[in-house]
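To start, the structure under review is shown below, and the notes come after it.
The values are calculated or read from the model by the stated rules, or taken from the named source; none is laboratory data. What you are looking at is a predicted structure, and each value in this text was computed from that prediction instead of being measured. Positions of Cβ are generated from backbone atoms using ideal geometry, with glycine treated the same way; all protein chains shown enter the neighbour counts. What goes into the accessible areas is simple: the full protein's heavy atoms, side chains included, and nothing from ligands, DNA or RNA. Shrake-Rupley method; radii C 1.70, N 1.55, O 1.52, S 1.80 Å.
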Amino acid sequence: MDILQKMGKFTVKTALLIALIFVGILLAQQKEAEKEVSIGERFHKETSLTWRGVVGDMFRAKPKQPPQYKVYPGANKIELPKPEYKGMTVEEAIEKRRSIRNYSKKPISKAQLSQLLFAAQGVTDKMYGKTLRTAPSAGALYPFEIYVIVNNVQDLPQGIYHYSVLDHALELVKSGDFRGQITDAGLGQKMLGDAGVTFVLSAIFDRVRYKYGERGCRYVYMEAGHISQNISAGSFLRAGFCLRRCFFRRKSQ
């Protein structure tokens with residue numbers, strides 16, 4: 001009987017402690033909300049890894065886990081050539097890498113586009129029933145869907161395509177010339193319409209938030225950087241992308 005009474009007291013004390021912590025968190029959040037901060041500062045604070053944030057996530061509702069893959073039923077599917085695994089060394093690619101805005105007018109090949117898409121999100125392995133990809137992802141949750149706006153690719157009509165990760169194939173979302181729209185979306189940066197292909201990264205944040213809460217938003221933006229770096233490196237390592245051709249042409253001049 002004494003033991004039960006002690007357990008009961010312990011349970012009550014624990015519940016009161018949790019309640020006090022929760023109230024303290026709410027009061028602190030309310031106080032911070034009253035301060036005028038920029039969007040960047042607010043994002044930084046609300047997604048920081050802190051004890052307050054960790055405890056707050058225990059009480060904060062999280063979204064349901066969405067499907068891991070986005071599909072377009074009935075879409076015309078175009079198979080891509082298999083990616084290759086040979087090219088210049090990483091050190092050589094780092095040395096030659098440059099960010100430029102002048103593009104070759106020559107179309108890129110379907111094999112080159114295939115290589116870039118594989119570098120972005122290609123499947124490299126399987127573990128515990130989950131596919132692993134070329135770019136690292138928090139918790140192997142892979143929130144990104146990759147779209148390409150095809151402007152000038154050999155044997156591939158202009159349009160918007162979705163990269164089907166599991167099939168290593170393209171799904172046609174919409175046919176047409178979207179160079180003007182993508183340029184406008186990029187605040188008038190003409191390079192987006194001049195490039196042979198423009199990559200669009202679309203994130204489904206709930207794929208990460210269902211596990212990590214608001215902190216997962218940070219991980220999504222980190223992953224965008226990983227994918228972009230892979231595309232950039234892939235263009236030098238093997239694909240011979242229009243950026244690379246233009247760079248060497250300018251260098252020789």
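A 1.4 Å probe, protein heavy atoms only, puts the accessible area of Met191 near 40 Å². The 3J(HN,Hα) values that the Karplus relation (6.51, -1.76, 1.60; θ = phi - 60°) gives for region 213-218 are, in residue order, x, 5, 4, x, 4, 4 Hz. Gly and Pro appear as x. For region 171-238, the set of trypsin sites (Lys or Arg not before Pro) satisfying both a DSSP loop assignment and a count of at most 14 other C-beta atoms within 10 Å is given as Lys190. The phi torsions of region 41-52, fed into the Karplus equation with coefficients 6.51, -1.76 and 1.60 and a -60° offset, translate into couplings of 5, 5, 4, 4, 6, 6, 10, 5, 8, 10, 4, 5 Hz, rounded to whole numbers, with Gly and Pro shown as x.
Here's the list of aspartates and glutamates a cross-link from Lys105 could span, going by alpha-carbon distance under 20 Å and ignoring same-chain residues fewer than 8 apart: Asp155, Asp177, Asp194. Pairs of lysine residues in region 44-93 that meet both criteria, 8 or more places apart or on different chains and Cα atoms under 28 Å apart, total 5. Each Lys and Arg adds +1 at its Cβ and each Asp and Glu adds -1 at its Cβ; summed about the Cα centre, region 104-165 shows a dipole of about 100 debye. The C-alpha radius of gyration of region 82-155, expressed as a fraction of 2.2 N^0.38 Å, stands at 1.33.
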